[in-house]
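Written out below as structure tokens is the structure these notes cover.
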Amino acid sequence: MRRKIAAGNWKMNGTAAALTELGALAPHLVQDGPDVVICPPAPLLYRAAEVAKASGIHIGAQDCHMQASGAFTGDISAAMVADTGATFVIVGHSERRDAHEETNGDVRQKVKCAWAAGLTAILCIGESGEDRAANNTLDIIGGQLSGSLPDAMTATNTVIAYEPIWAIGTGLVPSLEQIIEVHDFIRTRLITRFGDDIGNAIPLLYGGSVKPDNAETIFQAENVDGALVGGASLKASDFAPIIAALAAS
Ligand code: PEP
């Protein structure tokens, strides 16, 4: 049985007042059910980790630097993330690959830093609308996987999130067949590269406009082990039914 994970990416939303959402979410965690991870903005990490301690909610950062330390004004290292009490970090989100021009090589370095700090990396990959229209989806996904996933992956240090860029924040969602095709492809690639034990153990999340009303359908796919959720993770009242749908899948 693979770990099921519902992860929320708050992006650049929320100040300390938003932490009340963690308290509202806590009663919706299911015993022996999915792991729930909330990734708030960096200034909230420490307080979020303190608030979440008693509830079993895991806290993650949205990014870390690709170096362990140094003269990088304004940046945050993986060790600093871990020091807040956070245990996960998102790396390679398309908004960072795009707005901060992060390459697969940069993302690979970030994953290594995350591991060195004892964090679980949530590695994001996904094709653009143009890639999809040109029938290049699997090539892009294969390239991102081989380019940004270091060789030292273990069964527990990584989660992979397939997030088609055209589905993020747009309300557009791939068909179930399209989601199945990409997730099965990722699973096969992982098994080929890392072997059965590791390849089968890595949770694969789908991300891109997951909402309470489409979660049940998405979680039907055998190789979808959870979701990375943006907008619908900001309010416990939206995120809780997604967690419930995952628990029931
Ligand atoms: C995301 O930012 O990772 C994401 C999936 O956003 P949304 O759920 O809002 O599409």
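The values are calculated or read from the model by the stated rules, or taken from the named source; none is laboratory data. Values in this document were obtained by computation on a predicted structure and should not be read as measured data. Positions of Cβ are generated from backbone atoms using ideal geometry, with glycine treated the same way; all protein chains shown enter the neighbour counts. Surface areas here come from the heavy atoms of the whole protein model, side chains and all, with no ligands, DNA or RNA. Shrake-Rupley method; radii C 1.70, N 1.55, O 1.52, S 1.80 Å.
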The chain, dipole about Cα centre (Lys/Arg Cβ +1, Asp/Glu Cβ -1), debye to the nearest 20: 500
So for R0 = 51 Å, FRET eff. of K53-R193 from the Cβ-Cβ r, to 0.05, ends up at 0.90
Principal axis dimensions, largest first and in whole angstrom, of the chain by Cα: 44, 44, 34
At 1.4 Å probe radius, can you tell me the per residue accessible area of the chain in Å²? 44
Kindly sort T154, T120 by accessible area of their heavy atoms, largest first, with the probe set to 1.4 Å. T154, T120
What are the chymotrypsin sites (Phe, Trp or Tyr not before Pro) within the range 69-170 that DSSP puts in a loop, where the Cβ has at most 16 other Cβ atoms within 10 Å? F72
For L25, solvent-accessible area (1.4 Å; no DNA, RNA or ligand), Å²: 10
Compute the relative contact order of the range 177-246 as a whole-number percentage, counting only Cα pairs closer than 8 Å that sit 6 or more residues apart in sequence. 31
What does the extension gain come out to for A68 and A248, with contour length at 0.36 nm per residue minus their alpha carbon separation? 60.8 nm
Residue-span extension gain [T15 to Q31] - 0.36 nm each, minus C-alpha spacing: 2.8 nm
Where nothing but the Cβ of Lys and Arg (+1) and of Asp and Glu (-1) is charged, how large is the charge dipole of the range 45-115 around its Cα centre, in debye to the nearest 20? 240
What percentage of the solvent-accessible surface of the chain, computed with a 1.4 Å probe over protein heavy atoms, is contributed by carbon and sulfur atoms? 53
Run the numbers on the chain and let me know its relative contact order in percent, using alpha-carbon pairs under 8 Å that are six or more apart. 22
Label-point separation (nm) for E222 and K235, each offset 7 Å from Cα along Cα-to-Cβ? 3.7
